[in-house]
1. Looking only at region 124-134, decide whether some residue is crowded, with 17+ Cβ neighbours inside 10 Å and part of a helix (DSSP H, G or I).
2. Of these, Arg103, Arg39, which one is within 16 Å of the ligand (Cβ to nearest atom) and over 15 Å from Gly130 (Cβ atoms)?
3. Only one of these conditions is not met by Ser268: (1) within 14 Å of the ligand (Cβ to nearest atom); (2) within 23 Å of His110 (Cα to Cα). Which number is it?
4. Among the listed residues Glu99, Glu82, Glu113, which satisfies the condition of being of a type in the set (Asp, Glu) and at pLDDT below 95?
5. In this structure, does Lys146 turn out to be within 8 Å of the ligand (Cβ to nearest atom), over 19 Å from the mean Cα position of the chain (by Cα), modelled with pLDDT of 95 or more and assigned by TED's automatic domain parsing to the domain that holds Lys89?
6. Mind listing just one residue for me: the one in region 253-286 that is part of a strand (DSSP E or B) and of a type in the set (A, V, I, L, M, F, W, C) and, of those, surrounded by the fewest Cβ atoms within 10 Å (Cβ to Cβ)?
7. Show me the helices (runs of 4 or more DSSP H) entirely contained within region 156-252 in which 3 or more residues are of a type outside the set (Val, Ile, Thr), under 28 Å from Lys146 (Cα atoms) and more than 21 Å from the chain's Cα centre (by Cα).
8. What are the residue pairs meeting all of these: first residue in region 177-205, first residue free of Cβ contacts under 8 Å to residues at least 40 places away in the same chain, second residue assigned to a loop (DSSP other than H, G, I, E, B) and loosely packed, with under 13 Cβ neighbours inside 10 Å, Cβ atoms under 6 Å, and 6 or more apart or on different chains?
Amino acid sequence: MLLREVKNIFHTELDPLYPKEEVNSFFSILIEHYLNLERFALALQPDLIVSKENETPLFGALSRLKLKEPIQHIIGTSHFMEMDFKVTKDVLIPRPETEELVRWIIEEVHGLESEEQNTKGLRILDIGTGSGCIAISLAKHLNNAKIYALDISADALKIANENAVLNDVEIIFLEKNILEDKLDKEFDIIVSNPPYVRELEKKEMHANVLDYEPSQALFVSNQDPLVFYRRITSIASNQLIKGGYLFFEVNQYLGKETEQLLKANKFSEIELRKDMFGNDRMLKGKL
Ligand SMILES: C[S@@+](CC[C@H](N)C(=O)[O-])C[C@H]1O[C@@H](n2cnc3c(N)ncnc32)[C@H](O)[C@@H]1O
């Protein structure tokens, strides 16, 4: 079959389910992944013959896309901060908003360096590490830092560990329940993107998230949606050095309430930032 004929089948089958642009993007990702073809290959070689052997994984992926499985699960990787991360059903797929949080932390540390503060051996803790995307990106960009990454899920930590090896960084992993367990170390920076989606927000979510991503990574009760933020802010008050920083990714609808928690816990220089979509998404405070 010709490459453009395969693409036409993708559009026939998937256009009723996804925007056309997204189908184009799926197709580009899949031919790059399975056929090692550049994204613009179709424009250059529409009549390229796809062998029977090469058609099989493409049509396999098409069937999975029809069931709304995320493309990252189909190819097994996700791109974050110009790096590849293995992803499975046990970890949240890294989101672009989270990249913005990571870039903010890197900027902040570089700012400290330019003020000639000693950032050597900076101890950073990522709470709820999932795929390890935050911890590993920080390790990659902040060479002198010592990075710890914590999660309740042993399965997630296994993937995060594989991602650290894949991206050639050293991370100290901790299997703990942050709502119950204690921490015994001091840190210069604590960062967390904890579960923050209220059950009532489920109806806004797509099947590819609800059916395939771990609910333990996503959901909190409607009654106490800030449970993780309250606990982590209190832990940070004890475990951060004086002048240490706390960074959060936050629920866009609860930015002000989360900011209030930092105020009540005597953090200063509090800043709530919006993400690229204009939603309240990131929060910083200094102890
Ligand atoms: C929103 S995900 C964030 C994953 C990753 N840091 C990211 O930004 O893509 C939240 C993570 O918190 C973990 N988690 C949930 N409950 C936890 C708990 N009680 N203690 C520690 N980690 C927990 C989940 O397993 C999940 O990996």
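The values are calculated or read from the model by the stated rules, or taken from the named source; none is laboratory data. Just so it is clear, the structure is predicted and the values come from calculations on it, not from any experiment. Reconstructed Cβ throughout: ideal geometry from the backbone, glycine too, with neighbour counts over all protein chains shown.
1. So in region 124-134, the residues crowded, with 17+ Cβ neighbours inside 10 Å come out as 124-134.
This time we only want the ones that are part of a helix (DSSP H, G or I), so: 133-134.
Yes: one or more hits.
2. On the way: Arg39 fails: within 16 Å of the ligand (Cβ to nearest atom).
Residue meeting the stated conditions: Arg103.
3. Checking Ser268 against (1) within 14 Å of the ligand (Cβ to nearest atom); (2) within 23 Å of His110 (Cα to Cα), the one that fails is (1).
4. Glu113
5. Details: within 8 Å of the ligand (Cβ to nearest atom): no; over 19 Å from the mean Cα position of the chain (by Cα): yes; modelled with pLDDT of 95 or more: yes; assigned by TED's automatic domain parsing to the domain that holds Lys89: yes.
When the stated conditions are applied, Lys146 does not pass them.
6. Ile270
7. Correct list: 227-239.
8. Correct list of pairs: Glu199/Asn222; Leu200/Asn222.
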